[in-house]
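A short write-up of the structure that comes next.
The values are calculated or read from the model by the stated rules, or taken from the named source; none is laboratory data. Since the model is a prediction, treat every value here as computed from it, not as a measurement. Because the Cβ atoms are built from the backbone with ideal geometry, glycine has one as well, and the counts that use them run over all protein chains shown. Side chains included, ligands, DNA and RNA excluded: accessible areas come from the protein's heavy atoms. Shrake-Rupley method; radii C 1.70, N 1.55, O 1.52, S 1.80 Å.
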Amino acid sequence: MSTVALRWVHRNLFAKPFDTALSLVVIPTLAWAVYAFGYWALVQAHWQVVGGSFKVLMTGIYPADQLWRAWFAVATLCAMFGAGLGLSVRAGRAALTVVALVAVLIAAVLAVAIDVHSGGLAVACAALGIAAWGGVHRSAVDQRIVLSGLLAGVVAIFVVLSPPGFEVWGGLLLSVVLTIAVSILTLPFGILLALGRQSRITSLRLISTAYIETMRSVPLILVVYWIWIIVPLLAPDTSVPGLLRGMAGFALFFAAYVAEYVRSGLQAVPRAQIEAARSLAMSSWTLNVDIVLPQALRVVVPSLVGQILDIFNGATLVFIIGLTDFLRAGQMILADPQNSGRTYEIYVFLFAVYLAIGGAITYASRRLEAHLARGSR
Amino acid sequence: MSTEIAEYHSIPPARRSLLIASKWLLQAAIVIVVAGLVIWLGLAVREALARKGIQFSFGYLGNVANFSLSEGFVPSRGGNWPVLELFSPSHSNFQALLAGLWNSLKVALSAIVLCTMFGTLVGIGRLSTNWLVRKLCFGLVEAIRNTPLLIQIVFWYFAVVLRFPPANAASNWFGGLLASRSGVFFPGLVISERASVGSWGLLAIAFALVVACVALRGLRLRLILLAAALSVLIATAFAGFPLGLDLPVATRFSARGGFAISPEMTALLIAIVVNSSAYVAEIVRGAIEALPKGQWEASASLGLSRSHTLRDIILPQVFRIVLPSLANRYISLTKDTSLGIAIGFPDLFNVYGTVSNQTGRNLEGVVIVMLTYLALSWIISACVNGVNARVNGRRER
């Protein structure tokens, strides 16, 4: 056993002089970093600050007596994520068990760190998500049913969360809901733009191209800010909530990126398919909707899932229009003099959550890519 | 397309003109709808502004700005020469925007150079034969790509740069580099008092020789040029070297001398370089992996070492492949400098916000800022396309 380990170490770390030199630099540095971080995290860090502000981080300044709405939204989100995972990631029973154990562990830690009430709700939400994963995964429900279920879930979240007003939405909940809503909103607009860019009608093509190129050349923060200031000018009598204006800005911006992805998918559809459909005297509408788009979208699904990560990461920019997203909620907590000096605890927590969600999205898009590649062979 | 032409010729002439007419009508309808939408938007905005008593005009750009920026230079006329001077509240709004553009470009250009260097290193590190280095690079790249840039910027600013020691206790590395809460100070070059026209001329000649040495081919010629440059430099030293090294010195509240970078710029630059390096690393790794394995094997069979193969055979080819992807990365990086607003760095977008708050001119400003970013994107892609044509285009001839 030890000789195997030694041989592995020799082959992987000290095979050549250069590798040895690198290892001699990297190993002590890494050991020091791990020791320093571990010592800080286990001995010096004051993690109670995260537990004490957990509700603000998750839901912003949502009114306490209405908090059940936020929890309903979280439960719906967990179920939606679970169903989505069941649809896309064909995992074995072992993987399911591992995920379930990790989720229950996190929920239990939350229950101890915050209070038993919220902790219990967290356990319930995690359980709901895993049940949805297993249910969709096992029963092989029709994809369309799951997709319409996801759409219904988004509508339900909006309906339930709306009564106290969009202004009180905040925290991680805001970031996630914004991401999902924008991801859905960009699709139809992006597809139309992509079709416009491919169109044989010159003016349509030029206009779509100009729109896409402009949006891709300016920063997202500028577009969001611009939509935010222009909407009250266009609709002076009605006050459109900042969140909806922000969503409009995000959707207009990311639609250009979706359009580019869809265009690459459209170009991947074999030309012969289009010619064959033409020879059957299909109208160009039927041709696009029934023949080209389903194949094109199938190719770009992984890119579109990867795009969700961009939207989620971009959602931090809503600070510019005064919304309290996850990052902003963390900074609000740090602005409280009571929590001064707890910078690292909050940032490490924010970073870990962003990393977990971002990593999950990347993983899902990779799995989807592999899955689709296998399917087309 | 050929099938369509055949189809087209099979249509009788009378119907053909009808078809052309309907096509033109469709085109006109689309243009009218879109133009109408844009005009309606413009009119509605103008009406809304008129209700507030504001007229759409760019005249406000000439007015005095009346606010100050923490950094940023503006071109202005000092005597007969156009000179760069620090922005002050007595400058105009237009000059404020120029100072913001200067700051954005400052960060963007430094970040482009640095992220290309570090990104290539990390990309090679991801393919290292050393397991630990490989995994470490992979972990870093994944962690950076899966978290928002904004939290990285905010983290570098509030948790790192603002935790630097205060200026009077600044950590001093290698005698020349000062890192403190009030900024990072590098040694700078100053023009010494002993400078004469002759020594300037000699320095220019030395510089030209070095440039020629880099640009021209042939080992012998290069060695001769290098020797000539060295001897001219030595001669310059005897004639009174016109440039002197200016080491920063820590004082009570800040530091004096040298070349200073503000804390905001330090944080923004570190964040953008680290973030973009991760993306560049992925681009470089993808390109190296896309090269045929035979290249490695062929050069190994010629007795070249791995590092020689990488430097002389792989990287020159990779450079050609990655150029278009790098252009995209550079454009996103330039756009990302607009996030400096989160930590108060006076970049173009931040200055636009200040100007529009002061004057109430949001829409005029947004037009200017949008056009500027468009122009920057075009310039970057034109530059990279030019390099691309130089590197890739010659093969056809």
(message) residue A:259 - would you say it is in contact (Cβ under 8 Å) with a residue 40 or more places away in the chain, closer than 30 Å to residue B:360 by Cα, away from every other protein chain (no Cβ under 14 Å) and not basic (Lys, Arg)?
(response) no
(request) State yes or no: is residue B:329 charged (D, E, K, R) and closer than 15 Å to residue B:385 by Cβ? (result) yes
(request) Specify the residue that is nearest to residue A:332 (Cα to Cα); the eligible residues are those in region A:42-62 that are at pLDDT 85 or above and open to solvent by 20 Å² or more (accessible area, probe 1.4 Å). (result) A:56
(request) Kindly provide the set of residues from region B:269-318 that are within 18 Å of residue B:388 (Cα to Cα), touching a helix residue (DSSP H, G or I) at 6+ places or on another chain (Cβ under 8 Å) and open to solvent by 60 Å² or more (accessible area, probe 1.4 Å), ordered by number. (result) none
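Hey, among the residues in region B:194-234 that are of a type in the set (Lys, Arg) and not in a helix (DSSP H, G or I), which one's most open to solvent (accessible area, probe 1.4 Å)? Before you say what the answer is, go through the steps one by one.
Just the residues of region B:194-234 that are of a type in the set (Lys, Arg), to begin with: B:194, B:217, B:220, B:222.
Right, trim to not in a helix (DSSP H, G or I) and you get B:194, B:217.
Working: B:194: 172, B:217: 205 Å².
The selected residue is B:217.
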(message) Can you find a residue that is more than 15 Å from residue B:145 (Cβ to Cβ), in contact (Cβ under 8 Å) with a residue 12 or more places away in the chain and within 14 Å of another protein chain (Cβ to nearest Cβ) anywhere in region A:300-312?
(response) no
(request) Report yes if residue B:382 is open to solvent by 30 Å² or more (accessible area, probe 1.4 Å), at pLDDT 90 or above and under 23 Å from residue A:212 (Cα atoms), otherwise no. (result) yes
(request) Give the residue, chosen from A:308, A:321, that is β-branched (Val, Ile, Thr), open to solvent by 30 Å² or more (accessible area, probe 1.4 Å) and at pLDDT 90 or above. (result) A:308
(request) Give the residue that is least open to solvent (accessible area, probe 1.4 Å), with candidates limited to residues of region B:8-60 that are part of a helix (DSSP H, G or I) and among the basic types (Lys, Arg). (result) B:16
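So which residues in region B:126-141 are touching a residue at least 40 places away in the same chain (Cβ under 8 Å) and within 12 Å of chain A (Cβ to nearest Cβ), if there are any at all?
So in region B:126-141, the residues touching a residue at least 40 places away in the same chain (Cβ under 8 Å) come out as B:126-127, B:129, B:137, B:140-141.
Scanning region B:126-141 gives B:129, B:137, B:140, B:141.
Can you report the number of residues in region B:344-361 which are open to solvent by 10 Å² or more (accessible area, probe 1.4 Å), within 14 Å of chain A (Cβ to nearest Cβ) and not small (Gly, Ala, Ser)?
Taking region B:344-361 as the starting set, the residues that turn out to be open to solvent by 10 Å² or more (accessible area, probe 1.4 Å) are B:344, B:350, B:353-354, B:357-361.
Checking the rest, the ones that are also within 14 Å of chain A (Cβ to nearest Cβ) come to B:344, B:350, B:353-354, B:357, B:359-361.
Next, only the ones that are not small (Gly, Ala, Ser) stay: B:350, B:354, B:357, B:359, B:361.
Looking only at that region, the number is 5.
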(request) Search region A:359-374 for residues that are within 11 Å of chain B (Cβ to nearest Cβ) and under 15 Å from residue B:147 (Cβ atoms) and pair each with any residue that is open to solvent by 40 Å² or more (accessible area, probe 1.4 Å) and among the hydrophobic types (A, V, I, L, M, F, W, C) when their beta-carbon atoms are under 8 Å apart and the residues are at least 6 apart or on different chains. (result) A:361/A:308
(message) Quick check on this structure: which one of A:239, A:183 is hydroxyl-bearing (Ser, Thr, Tyr), away from chain B (no Cβ under 13 Å), open to solvent by 10 Å² or more (accessible area, probe 1.4 Å) and assigned to a loop (DSSP other than H, G, I, E, B)?
(response) A:239
(request) State whether one or more residues within region A:186-193 are open to solvent by 60 Å² or more (accessible area, probe 1.4 Å), within 14 Å of chain B (Cβ to nearest Cβ), out of contact with any Leu (no Cβ under 9 Å at 6 or more places or on another chain) and hydrophobic (A, V, I, L, M, F, W, C). (result) yes
(request) Please tell me if residue A:112 is loosely packed, with under 14 Cβ neighbours inside 10 Å and part of a helix (DSSP H, G or I). (result) yes
(message) Contact list please: Cβ distance under 6 Å, first residue in region A:318-331 and more than 10 Å from chain B (Cβ to nearest Cβ), second residue at pLDDT below 90 and open to solvent by 30 Å² or more (accessible area, probe 1.4 Å), pairs at least six apart or on different chains.
(response) A:329/A:56
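Residues A:77, A:87, A:13, A:42: which one is more than 14 Å from chain B (Cβ to nearest Cβ) and free of Cβ contacts under 8 Å to residues at least 24 places away in the same chain? Quick ask: steps written out before the conclusion?
Values: A:77 fails: free of Cβ contacts under 8 Å to residues at least 24 places away in the same chain; A:87 fails: free of Cβ contacts under 8 Å to residues at least 24 places away in the same chain; A:13 fails: more than 14 Å from chain B (Cβ to nearest Cβ).
One residue alone meets the criteria, A:42.
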(message) Take the residues in region A:203-236 that are touching a Phe, Trp or Tyr at 6+ places or on another chain (Cβ under 6 Å) and of a type in the set (Val, Ile, Thr); name whichever of them is farthest from the other protein chains (Cβ to nearest Cβ).
(response) A:223
(message) Exactly one condition in (1) open to solvent by 20 Å² or more (accessible area, probe 1.4 Å); (2) in contact (Cβ under 8 Å) with a residue 40 or more places away in the chain; (3) closer than 30 Å to residue A:96 by Cβ is false for residue A:157; which is it?
(response) (1)
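Each row is one residue, and each column tells you yes or no for (1) away from every other protein chain (no Cβ under 14 Å); (2) surrounded by fewer than 22 Cβ atoms within 10 Å (Cβ to Cβ); (3) at pLDDT 90 or above.
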| residue | (1), (2), (3) |
| --- | --- |
| B:67 | yes, yes, no |
| B:76 | yes, yes, no |
| B:79 | yes, yes, no |
| B:89 | yes, yes, no |
| B:97 | no, no, yes |
| B:106 | yes, yes, yes |
| B:116 | yes, yes, yes |
| B:124 | no, yes, yes |
| B:168 | yes, yes, no |
(request) Give the residues of region B:142-153 that are facing chain A (nearest Cβ under 9 Å) and either open to solvent by less than 40 Å² (accessible area, probe 1.4 Å) or more than 15 Å from residue A:359 (Cβ to Cβ) (or both), sorted by residue number. (result) B:142, B:143, B:146, B:147, B:148, B:149, B:150, B:151, B:152
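Filter region A:324-361 for residues that are part of a helix (DSSP H, G or I), of a type in the set (S, T, N, Q) and modelled with pLDDT under 90; which is surrounded by the fewest Cβ atoms within 10 Å (Cβ to Cβ)?
Residues of region A:324-361 that are part of a helix (DSSP H, G or I), as a first pass: A:326-335, A:337-339, A:343-361.
Now drop any that are not of a type in the set (S, T, N, Q), which leaves A:331, A:338-339, A:343.
When the remaining residues are screened for being modelled with pLDDT under 90, the result is A:338-339, A:343.
On the way: A:338: 10, A:339: 17, A:343: 19.
Only one residue tops the list, namely A:338.
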